[in-house]
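Participant: Provided herewith is a single structure, encoded as C-alpha cells, for subsequent inquiry.
The values are calculated or read from the model by the stated rules, or taken from the named source; none is laboratory data. The structure presented is a predicted model; accordingly, all values stated were derived computationally and were not measured. Here Cβ is always computed from backbone atoms with ideal geometry, including for glycine, and neighbour counts include all displayed protein chains.
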Amino acid sequence: MRTRFRAALMAGTAAVLGLALTACGGSDSGSGQQAAPARTLTVSAAASLTSVYQQLGTEFQNANPGTTVKFNFGGSDSLAQQVVQGAPADVLATASSKTMQTAVQAGKIQGEPVVYATNSLQIAVAPNNPKGITSLQDLTKPGVVSVVCAPAVPCGAAAEAAEKAAGVTLTPASEEQDVKGVLNRVQTGNADAGLVYVTDVKSTNGAVTGVSFPQASAQGAVQSYPIGVVNGSQNADLAQSWINFVRGQQGTAALQQAGFVTK
C-alpha cells in the first residue's frame with residue numbers, strides 16, 4: 001500500500017512540473033529568444049542612388065532581422081516636395097543640398113542633414129560611341145540627338161553649370177525628370193547622348209559608354225548627396241541606424257564601388 005501511494009505521489013508531482021514547464025516555455029520553440037518585431041523603414045532617395053541603395057538595403061535587412069527596407073526612388077525635387085506635403089517617409093536622401101533645403105526649411109528634417117558623397121556628370125553614349133562624341137560641343141553637331149534632366153532636377157542643374165563652363169548651349173530633344181529617364185533614352189536608341197552621373201553609366205555594366213569631359217568638375221556641376229531623418233518618423237531610431245550604415249564601412253565601400261566619391 002505504502003509503495004503504491006509513493007508511486008502515485010511521484011506521478012502527480014511529475015505532471016505538475018510538466019505543466020509548469022509547458023507554461024514557462026510558451027511558444028519559444030526551445031530557442032530561448034523572442035523573434036524581433038517586424039518593422040518597415042521607408043527611404044525616399046534620388047534615382048541615381050537606386051542600384052547602390054538596393055544593394056545596401058539587402059545588407060541592412062540581413063543585419064537587422066525583422067526589418068524591411070522600402071524604397072521610393074525619384075527626382076530629388078519631387079521627393080523633397082512629397083516629404084513637405086506629408087508623404088510617409090523615414091529617411092530622405094537627395095542628390096543635391098539645394099533640394100534637401102526644401103525639406104529642411106519646411107521643418108521636415110531632424111537636425112542638420114549630413115553630406116556623405118558627391119557625384120559628377122558623364123556623357124552617356126551607345127557602346128563603341130558610334131557618333132564619336134568626345135565633348136559637350138559635340139552634342140550641338142547636326143544629327144546628334146541629346147537628352148538632359150529638367151533644370152529643377154539636380155542632374156539638370158549640374159548640366160546647366162557644365163554648359164555654362166563650356167560656353168555651350170544645348171538643344172536637347174527632351175528634359176527628363178530624373179537620370180534614369182535620360183539613361184533609358186540612350187539605352188533604347190531614342191537619343192545619341194545624355195548627361196547623367198558617372199554612377200549611372202557604371203550601373204549599366206556596359207550597356208552604355210561614359211565620356212568624361214573637363215567641365216564636369218566645374219562649380220555647380222558636382223553634386224553633393226545629403227541625407228537626414230524625416231521629422232515625425234515612427235522609426236526615427238531605425239532611420240538613424242540606416243544613415244549610420246550608409247556612412248559606415250559597408251556603405252562607404254558600396255558607394256565607392258558604384259562610382260561615388262565618399263565624404
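Participant: Within the range 186-202, is there a residue that is in a helix (DSSP H, G or I), polar (S, T, N, Q) and over 30 Å from Thr252 (Cα atoms)? Steps first, please.
Facilitator: In the first step, residues of the range 186-202 are kept if they are in a helix (DSSP H, G or I); the result is 186-187, 198-202.
From what's left, polar (S, T, N, Q): 187, 199.
Within this subset, residues satisfying the condition of being over 30 Å from Thr252 (Cα atoms) are none.
No, because not a single residue in the range 186-202 is in a helix (DSSP H, G or I), polar (S, T, N, Q) and over 30 Å from Thr252 (Cα atoms).
Participant: Spot the failing condition for Val198; the list is (1) within 16 Å of Ser96 (Cβ to Cβ); (2) within 19 Å of the chain's Cα centre (by Cα); (3) surrounded by fewer than 17 Cβ atoms within 10 Å (Cβ to Cβ), and only one is missed.
Facilitator: Of everything listed in (1) within 16 Å of Ser96 (Cβ to Cβ); (2) within 19 Å of the chain's Cα centre (by Cα); (3) surrounded by fewer than 17 Cβ atoms within 10 Å (Cβ to Cβ), Val198 misses just condition (3).
Participant: Can you name the residue in the range 208-230 that is of a type outside the set (A, V, I, L, M, F, W, C) and crowded, with 16+ Cβ neighbours inside 10 Å and, of all such residues, is farthest from Asn64 (Cα to Cα)?
Facilitator: First, pick out the residues of the range 208-230 that are of a type outside the set (A, V, I, L, M, F, W, C): 209-210, 212, 214-215, 217, 219-220, 223-226, 228.
Subset that is crowded, with 16+ Cβ neighbours inside 10 Å: 209-210, 215, 223-226, 228.
Numbers: Thr209: 37, Gly210: 37, Gln215: 42, Gln223: 31, Ser224: 28, Tyr225: 25, Pro226: 24, Gly228: 20 Å.
In this case the residue turns out to be Gln215.
Participant: On the basis of being charged (D, E, K, R), touching a helix residue (DSSP H, G or I) at 6+ places or on another chain (Cβ under 9 Å), outside the structural domain of Gly206 (by TED's automatic domain parsing) and under 14 Å from Ala46 (Cβ atoms), does Lys98 make the cut? Write out each step before concluding.
Facilitator: Working: charged (D, E, K, R): yes; touching a helix residue (DSSP H, G or I) at 6+ places or on another chain (Cβ under 9 Å): yes; outside the structural domain of Gly206 (by TED's automatic domain parsing): yes; under 14 Å from Ala46 (Cβ atoms): yes.
Judged against the criteria, Lys98 is a match.
Participant: A further question on this structure: Of the conditions (1) assigned by TED's automatic domain parsing to the domain that holds Ala166; (2) buried (at least 24 other Cβ atoms within 10 Å of the Cβ), Leu92 fails just one. Which one is it?
Facilitator: (1)
Participant: Can you name the residue in the range 238-251 that is more than 13 Å from Val43 (Cβ to Cβ) and in contact (Cβ under 8 Å) with a residue 60 or more places away in the chain and is also surrounded by the fewest Cβ atoms within 10 Å (Cβ to Cβ) among such residues? Break it down into steps so the answer makes sense when it comes.
Facilitator: Step one: of the range 238-251, the residues more than 13 Å from Val43 (Cβ to Cβ) are 244, 247-250.
When the remaining residues are screened for being in contact (Cβ under 8 Å) with a residue 60 or more places away in the chain, the result is 247, 250.
Working: Arg247: 17, Gln250: 15.
Filtering first and then ranking leaves Gln250.
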